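First up is the structure itself, then whatever we jot down about it.
The values are calculated or read from the model by the stated rules, or taken from the named source; none is laboratory data. This is a predicted model, so every value here is computed, not measured. Positions of Cβ are backbone-derived with ideal geometry, glycine not excepted, and every protein chain shown enters the neighbour counts.
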Amino acid sequence: MRKLFLYLCFFLVGIQPFHIAFAETPDVINIFVSILPQKYLVERIGGDRVAVIVMVKPGLSPETYEPTPKQMTALNNSRIYFRIGIPFESVLIEKIERLNSNLRIINCCHHFLTGNLSNHDQHDTQITKHDLDAHVWTSPVNAKYLAKLIKTALIEFDPLHRDDYEINYVVLVNELDELDSTIRNQLAHIKHRYLIVSHPAWGYFADAYGLKQVPIEQNGSEVRAKELTRLIELARAEDIHTVYVQRQFNNASAEILAREINAEVVELDPLAENYIENLRRVTQAIVQGAK
């Protein structure tokens, strides 16, 4: 009854129930992540031993997102924060560390951006470096590395449940290997290997499967007329009839380009929560768009 009463109180004042989860479940590891795909990986490995809060909610852009005061307060009751390298983290990370001395912060993409990976890890990652591109998770091979970071952190924090985390990790990695193999087979023989995208989120995915990402957005800004003309010429020369957009960003330039080349506009979402199912859908969309 007490928990139900608290839930109703939080609901009436417009506060999300996840604050109650942190206050009411002391035996669960309270974890913050930057984006939904990380939540998927943490929950797959942590199972019912973790309670996960996502900074960037569905439909919002990680590039412009700013944490709410409620989220900053909730960090006080969390034990691990898996950061992914989005802009607000660079600005606020020192403040977060200063205000939350018991919070362990794990940078999930630092090694990709710096190229600082051990020889062992290089076998389990898509190591092509993309400056300032934090979208490392778009490659299933890289997702295996992220899963390893998560598993290691959970075991260090909660060694009594090591076997659970190890088992969940192995199951997840097997699924990621299967996903990687499926994507590789489906994309092996497609005719068009250019991905014209509104926002450069698919660099690691493209590198993993022999595709060429061509972003319309340039350095965070809308494309200029000269560059748009170049993209039109490229699309016509390569017989490209699909432009891929992302709902978290302004797609006006992509729509202009699509009209000029008579192309279909297709949405791909690198931030969808169900990581494996989403990449299956992404692959099918690319196969269809390459016909």
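Looking across segment 138-181, the residues that are touching a residue at least 24 places away in the same chain (Cβ under 8 Å) and among the basic types (Lys, Arg) come down to 144, 148, 151. Being over 17 Å from the mean Cα position of the chain (by Cα) and buried (at least 18 other Cβ atoms within 10 Å of the Cβ) holds for only one residue in 192, 199, and it is 192.
Reported count of residues in segment 26-73, each being farther than 19 Å from residue 272 by Cβ and of a type in the set (A, V, I, L, M), is 6.
Scan segment 130-144 and give yes if some residue there is acidic (Asp, Glu), within 19 Å of residue 86 (Cα to Cα) and at pLDDT below 95, otherwise no. Checking segment 130-144: at least one residue is acidic (Asp, Glu), within 19 Å of residue 86 (Cα to Cα) and at pLDDT below 95. Looking only at residues of segment 279-291 that are more than 16 Å from residue 191 (Cβ to Cβ) and in contact (Cβ under 8 Å) with a residue 12 or more places away in the chain, we find that the one that is surrounded by the fewest Cβ atoms within 10 Å (Cβ to Cβ) is 280.
Of the residues making up segment 157-201, those that are within 29 Å of residue 104 (Cα to Cα) and assigned to a loop (DSSP other than H, G, I, E, B) are 158, 201.
Of the residues making up segment 229-255, those that are in a helix (DSSP H, G or I) and either on the phi > 0 side of the Ramachandran plot or buried (at least 17 other Cβ atoms within 10 Å of the Cβ) (or both) number 4. For segment 55-77, a tally of residues being in contact with a Lys or Arg (Cβ under 9 Å, 6 or more places away or on another chain) and either in a helix (DSSP H, G or I) or modelled with pLDDT of 95 or more (or both) returns 1.
Selection over segment 62-84 of residues that are of a type in the set (S, T, N, Q) and touching a Leu at 6+ places or on another chain (Cβ under 9 Å) gives a count of 2.
All conditions but one from (1) touching a Leu at 6+ places or on another chain (Cβ under 6 Å); (2) part of a loop (DSSP other than H, G, I, E, B) apply to residue 276; the one that does not is (2).
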